[in-house]
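**Q** Have a look at this one before I ask anything.
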DNA sequence: AGTGTATTCGC
DNA sequence: CGAATACAC
C-alpha cells in the first residue's frame, strides 16, 4: 500500500504525488495532517482554512469513489507529523509516501523530518515539484546563481519553459458522474474575480461577493469552467483592464491556486490552448503566474527569507519603523481617512480578498507613510486573506517596503489620491465600499472636503509631511 | 510596479 | 498657461 500526503495540493489532475502512488499498482490511501496550532502561528485566515476544508471534502468524495480512503491525522503542529506518520505507516503497512513539496522553511523542515523518520523505518518517502511549472533550481543565471531580479528571471524562465513539454498530468482517478457537480451561478461567477500575484497566490472564480458568502466554488467542474471562461472572455483584455478594481477584470483564481485546487500548469495549459500561435508567451496574465514562480524560486534559493529577514538588510537598516499602534489600528480597520485605502481595507475585511493594485496602495501607505514595519502588514494580510500565500505575500510586502529582491526604490511612494483618481476614475469602487461617499460627485470622492467629512474620519496623517518624513529618514536626515 | 518639481514646448 | 519632457528623490 502506498500513501499520498495532501497539503496545499488538493487536486486529482496534475498532481505528481498522487500520480506516482497510483502508478505503483499498489493500493493507495490518502493522508492529511490537521495542524491547527501551526496554522495559527502562520496567521492562516479562517476564510482560507474554511476553503481548504470544503475542497478537502470534495476531494474525499472523489477519492472514495475510486476506493481511496482519506485518513485525517488530528495533530497540533508540524513537529507532530513525523511520529504520527511513522505510526500510521506501521499500522497500515505502507511501503511508500508521496507528497508535493512546499517551499517555506517550516514546511521543508517538517518534510525533511518525516523523510528521515520513514527512512529509519525502511519506508520510501518521495517529494515532487507539483506546485511549480518550472522546478526550483531550473532557472539560473549564466553564472549558475539564482536570479534576484524579476525581468531577467522571467526571460530565462520562459526559455526554460520552452525546452520541455509542460502538459498537466491527467487525473489517475476516473471522472465521476455529473451528479455531484456544483452548478455555476449564472453570469456573476465568472466575472467577479481577481488574481493576486504580488501578494498572494494567483487565481478564484468568484471575487469579493462570493467570498463573503463562502461561495467560492470547490468542484473541478466549477473551477475549470471559471478558468476556461476567464481565458476565453477576459484574459484578452486583462492587460488593459486589470488595474481597475471596479472592472472585476482579474481571474479571481488565487484562492484555488493557493490551496492547489488548480495548478499553475493547468492555467498555462488553458492559456496555450486558447492561442493558435505563440502570442500566449506575451500574456500579461502569464506574467503574473511567473511572479508566483519567481517568489517560490527565491524562497528555495534564499531560505532565510522565510524567517522574515529583509532580502537586502542594508536597505532596511536605513529605515526607522514607527511603532504607532493607533495608526496601525486605523489602517487595519480602514479608518485612515484616505478613501482608497479605507475602501480597500473594507473589501479585505468583508471578503477576505483585495484587488492587487489596492494591495500595493495599502502596503505602500502602511510601510512608507505610516512607517509601520512591513512584517506587521504581512501578518495581518495572512490573517485576513482567503488567498494568503506565504511566498507571494512575503514577496509583495518586501517589494512594497523596498527591502526585497527587485524591490521598488525606496522613494517610490504611492500618492493615495492620485492612485485613486487614476485607477477608480469614476469613484465606483469607493462608492461600493464606502457608501457614505455615494452622496458626493464621483470626482469628489477621492478627497472628501476639509470641513464636511461625509461620515468618514479625517486623514490620520498629512500626506505631504509623511512622504517627506519617510524620505528624510531614509536619507539619514532625521 | 511612482511622485514632485523644474523646464521646455506649443498655441 | 496647460501639456510634454527631464530629472531627482
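Computed from the coordinates by the stated procedures, all read-outs in this text should not be read as laboratory data. Just so you know, these numbers come straight off a predicted model, no measurement behind them. As a convention, Cβ positions derive from the backbone with ideal geometry for all residues, glycine included, and neighbour counts pool all protein chains shown.
**Q** Kindly give the semi-axes, whole Å and largest first, of the ellipsoid equivalent to chain A, taking each as the square root of 5 times a Cα gyration tensor eigenvalue. Don't jump to the answer; show the numbers that get you there.
**A** Numbers: eigenvalues 297, 128, 93 Å².
Gyration-tensor ellipsoid for chain A: 39, 25, 22 Å.
**Q** Now for a separate question. Compute the acute angle (0 to 90°) between the alpha-carbon long axis of helix A:264-273 and the principal axis of greatest extent of the alpha-carbon atoms of chain A; round to the nearest 10°.
**A** That works out to roughly 80 degrees.
**Q** Now for a different question. So for the pair residue A:109, residue A:163, with labels modelled 7 Å out along Cα→Cβ, what separation do we get in nm?
**A** 3.4
**Q** Pairing the Cα long axis of helix A:220-229 with the longest principal axis of chain A, what angle in degrees results, from 0 to 90 and rounded to the nearest 10?
**A** Relative to chain A, helix A:220-229 is tipped by roughly 50 degrees.
**Q** On a 0 to 90 degree scale, rounded to 10, what angle separates helix A:374-384 from the longest Cα axis of chain A?
**A** 60
**Q** Could you give the C-alpha radius of gyration of region A:354-478 expressed as a fraction of 2.2 N^0.38 Å, taking N as the number of residues it contains? All intermediate terms of the calculation are to be shown ahead of the outcome.
**A** Values: Rg = 15.6 Å, N = 125, 2.2 N^0.38 = 13.8 Å.
Rg over 2.2 N^0.38 Å, computed on Cα atoms: 1.13.
**Q** Compute the FRET efficiency between residue A:326 and residue A:57 as 1/(1 + (r/R0)^6), taking r as their Cβ-Cβ distance and R0 = 60 Å, and round to the nearest 0.05.
**A** 0.90
**Q** Once both labels are modelled 7 Å past Cα along the beta-carbon direction, what's the residue A:76-residue A:174 spacing in nm?
**A** About 4.5 nm separates the two model spin labels.
**Q** Classify region A:2-128 from the C-alpha gyration tensor, please: rounded if a/c falls under 1.5, else prolate or oblate depending on whether a/b exceeds b/c.
**A** Values: a/c = 1.64, a/b = 1.12, b/c = 1.47.
Here region A:2-128 falls in the oblate category.
**Q** Another one. Give, as ranges by residue number, the residues of region A:237-254 whose backbone N falls under 19 Å from the point 7 Å along Cα→Cβ of residue A:454.
**A** A:245-247
**Q** Right, something else. Using the scaling law 2.2 N^0.38 Å as the reference, what is the normalised Cα Rg of region A:301-424? Let's see the in-between values first.
**A** Values: Rg = 13.7 Å, N = 124, 2.2 N^0.38 = 13.7 Å.
Scaled against compact globular proteins, the figure is 0.99.
**Q** Please give the contour-minus-distance gain from residue A:411 to residue A:349: 0.36 nm per residue of separation, less the Cα-Cα distance, rounded to one decimal in nm. All intermediate terms of the calculation are to be shown ahead of the outcome.
**A** Numbers: separation 62, 0.36 × 62 = 22.32 nm, distance 2.90 nm.
Extending this stretch completely gives an extra 19.4 nm.
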